[in-house]
Amino acid sequence: MPERKNKPYKEGELEVILSLAPTSANIGWLAKLLDRSEEAIQIVYKIAFEHGPFGLNADAQERKVFEAKERVGIRIGRRTPRNG
């Protein structure tokens, strides 16, 4: 089990995740480098780009992901958190 489960992301980590395409290989490398599960990395991508009901109660994480998207300059996918 990854050591950083349920710990906040360090400064710049969300930006690094969002700077890479969500390929299987990238998700695997990011999980190893950031000491997270592959599922945790996938959650970041889902929050950033999916439009369904996923993560409806993850307001704080959703806000942080969208702030990171803005800093990285990503202009596709959802632009604002559902509650924002």
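The values are calculated or read from the model by the stated rules, or taken from the named source; none is laboratory data. Bear in mind that the values here come from a model prediction, so they are computed numbers and not experimental data. Neighbour counts run over all protein chains shown; Cβ positions are idealised from the backbone, glycine included. These area figures cover heavy atoms from the full protein model, side chains too; ligands, DNA and RNA do not enter into them. Shrake-Rupley method; radii C 1.70, N 1.55, O 1.52, S 1.80 Å.
Enumerate the pairs (first residue in segment 9-26 and open to solvent by 60 Å² or more (accessible area, probe 1.4 Å); second residue anywhere and among the hydrophobic types (A, V, I, L, M, F, W, C)) with beta-carbon separation below 6 Å, excluding pairs fewer than 6 apart on the same chain, so at least 6 apart or on different chains.
Between residues of segment 9-26 that are open to solvent by 60 Å² or more (accessible area, probe 1.4 Å) and residues that are among the hydrophobic types (A, V, I, L, M, F, W, C), the close pairs are SER19/VAL72.
I need a count of the residues in segment 38-66 that are open to solvent by less than 80 Å² (accessible area, probe 1.4 Å) and either part of a helix (DSSP H, G or I) or within 11 Å of PRO22 (Cα to Cα) (or both). Lay out the reasoning, then the answer.
Within segment 38-66, the first condition is being open to solvent by less than 80 Å² (accessible area, probe 1.4 Å), and the residues that meet it are 40-49, 52, 54-55, 58-62, 65-66.
With the extra rule that they be either part of a helix (DSSP H, G or I) or within 11 Å of PRO22 (Cα to Cα) (or both), the set shrinks to 40-49, 59-62, 65-66.
Matching residues across segment 38-66 total 16.
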